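Chemist: My questions all concern the structure below.
Since every read-out is calculated from the coordinates, none of them should be taken as a lab result. Treat the numbers as computed from the prediction; the structure is a model and nothing was measured. Virtual Cβ from ideal backbone geometry, glycine too; neighbours counted across all protein chains shown.
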Amino acid sequence: MNDWPLWEVFVRSRRGLSHVHVGSLHAPDAELALRNARDLYTRRQEGISLWVVPSAQIVASDPGEREAFFDPADDKVYRHPTFYSVPEGVEHL
Amino acid sequence: MPNVSFDDLLADDGRVEPRDPMPDGYRRTLVRQIAQHAHSEIIGMQPEGNWISRAPSLRRKAILMAKVQDEAGHGLYLYAAAETLGVDRADLLDQLHTGRQKYSSIFNYPTLTWADVGAIGWLVDGAAIVNQVPLCRCSYGPYARAMVRICKEESFHQRQGFEILHTLSHGTPGQRAMAQDAVDRYWWPALMMFGPPDDDSPHSAQSMAWGIKRFSNDDLRQRFVDMTVPQAEALDLTLPDPEIRWNDERGHYDFGEVDFGELTEVIKGNGPCNRERMAHRLRAHEDGAWVREAAAAYAAKHAVPEEGAA
């Protein structure tokens, strides 16, 4: 065995905000991953909730395929409100 | 949204992320630098850890424990950043243990008195901050993000050191002498932390071109001297360099020549504590083996059997 598996750590800093990825750590199991994450990433009250996810479980898009993968959004500027012209003087639109 | 090349990213001051294509040399340089940085953090726990049991008050002891705990945390952030480049933490530790990778030479100096804990916080962490703040804008994303966290935490380290020395320098004559002695011993090694002079720093130009390094060794050393001289006056302590004086023309403090021969010797392994630091690290690693094995065995025993498994 080389090392314990890798876990990704997500912290919710306060109510009303989502969990944000802060880094990773090694731990033998989920329980120790949580405890280590607390000691490593919230030593200064940075969080009120923690998620740990085995890194191997994360499915990611391929950077090499980025262009083709995100291509469908490239030619749809009409999804943005700024695409539309509004006559002068019209408000609340 | 075309795929941007490595060179375009750098030209645009963009950030390189783990799975982006990058030149082998860039990857190797980063692995070496981040690993050395991580090793420095965990070896750096030793000189100060040496004083936890003898801290002069419960307040100082709690602060020192928090600081040493931070150093462990910084090491872990950095090992994680290095791993995004495709290396294993266990391998990096192995390279430290077999002497193939280095740690900062400053941790090969001994902490002889309590005042040394103050001098390390003020001068060593002060120098580290000057070195590290520009790394928050390093071109490699995971390293830059780790450095942001580290820099936030380091400023407490520097202040607590300053406070220790301030208390001692305004205490009894004996305490004052102890503070001065610690500053006398740590000043020059702290200046060496910025590395060899610019005309003798072979990798600097390439690292600057890659956006790993943002300022030259000598520029950073000057910045540290400029911010530290007035702080020494506030402490009412003397820096052990008679050549320090303000230069109106340059707009900087002049200072004496650093003995880079000493730096070379310490890097080669001939500092006062090189062997002791490595022996301690190896012992800690070996003594901890049973804990790692027990945790792994416990995890295996309690792992949920996969569905359909016999």
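Chemist: Among the candidates B:SER204, B:SER169, B:SER139, B:SER155, which residue alone is out of contact with any Cys (no Cβ under 9 Å at 6 or more places or on another chain), without any contact (Cβ under 8 Å) to a residue 40 or more places away in the chain, of a type outside the set (Lys, Arg) and crowded, with 17+ Cβ neighbours inside 10 Å?
Modeler: Going through B:SER204, B:SER169, B:SER139, B:SER155 in turn, the sole match is B:SER204.
Results for (1) closer than 17 Å to B:THR29 by Cα; (2) surrounded by fewer than 19 Cβ atoms within 10 Å (Cβ to Cβ), shown as yes or no for each residue.
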| site | (1), (2) |
| --- | --- |
| B:MET193 | no, no |
| B:ASP198 | no, yes |
| B:PHE215 | yes, yes |
| B:THR238 | no, yes |
| B:ASP254 | no, yes |
| B:PHE260 | no, yes |
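Chemist: Out of A:TRP4, A:TRP51, I need the residue that is at the interface with chain B (Cβ under 8 Å from one of its Cβ atoms) and within 28 Å of B:ALA300 (Cβ to Cβ). Which one?
Modeler: Every option except A:TRP4 fails the conditions.
Chemist: Same structure, new question: Any chance region A:21-32 includes a residue that's free of Cβ contacts under 8 Å to residues at least 40 places away in the same chain and more than 13 Å from chain B (Cβ to nearest Cβ)?
Modeler: No, there is no match, as no residue in region A:21-32 is free of Cβ contacts under 8 Å to residues at least 40 places away in the same chain and more than 13 Å from chain B (Cβ to nearest Cβ).
Chemist: What helices (runs of 4 or more DSSP H), lying completely within region B:194-310, carry at least 1 residues that are within 14 Å of chain A (Cβ to nearest Cβ)?
Modeler: Filter on region B:194-310 gives B:274-287, B:289-302.
Chemist: Within region B:86-100, is there a residue that is more than 10 Å from every other protein chain (Cβ to nearest Cβ) and under 14 Å from the mean Cα position of the chain (by Cα)?
Modeler: no
Chemist: With the requirement that a residue be exposed (fewer than 15 other Cβ atoms within 10 Å of the Cβ) and among the aliphatic types (A, V, I, L, M), what does region B:5-45 give you?
Modeler: Within region B:5-45, B:ALA11 is the sole residue that qualifies.
Chemist: Yes or no: A:SER85 of a type outside the set (Val, Ile, Thr), more than 30 Å from B:VAL304 (Cα to Cα) and either within 14 Å of another protein chain (Cβ to nearest Cβ) or under 14 Å from the mean Cα position of the chain (by Cα) (or both)?
Modeler: Taking the combined requirement at face value, the residue does not satisfy it.
Chemist: I'd like to know if region B:78-100 contains one or more residues that are free of Cβ contacts under 8 Å to residues at least 12 places away in the same chain and closer than 25 Å to B:ARG221 by Cβ.
Modeler: no
Chemist: Here's something else I'd like to know. So which residues in region B:54-77 are away from chain A (no Cβ under 14 Å) and in contact (Cβ under 8 Å) with a residue 24 or more places away in the chain, if there are any at all?
Modeler: B:ARG54, B:ALA55, B:PRO56, B:ARG60, B:LEU64
Chemist: Now a separate question. Pick out, from region A:1-92, the strands (runs of 3 or more DSSP E) lying fully within it that include 2 or more residues that are surrounded by 14 or more Cβ atoms within 10 Å (Cβ to Cβ) and out of contact with any helix residue (DSSP H, G or I) (no Cβ under 6 Å at 6 or more places or on another chain).
Modeler: Correct list: A:6-12, A:49-54.
Chemist: Out of all the residues in region B:296-310, is one or more in contact with a Phe, Trp or Tyr (Cβ under 8 Å, 6 or more places away or on another chain) and of a type outside the set (A, V, I, L, M)?
Modeler: No: region B:296-310 contains no residue that is in contact with a Phe, Trp or Tyr (Cβ under 8 Å, 6 or more places away or on another chain) and of a type outside the set (A, V, I, L, M).
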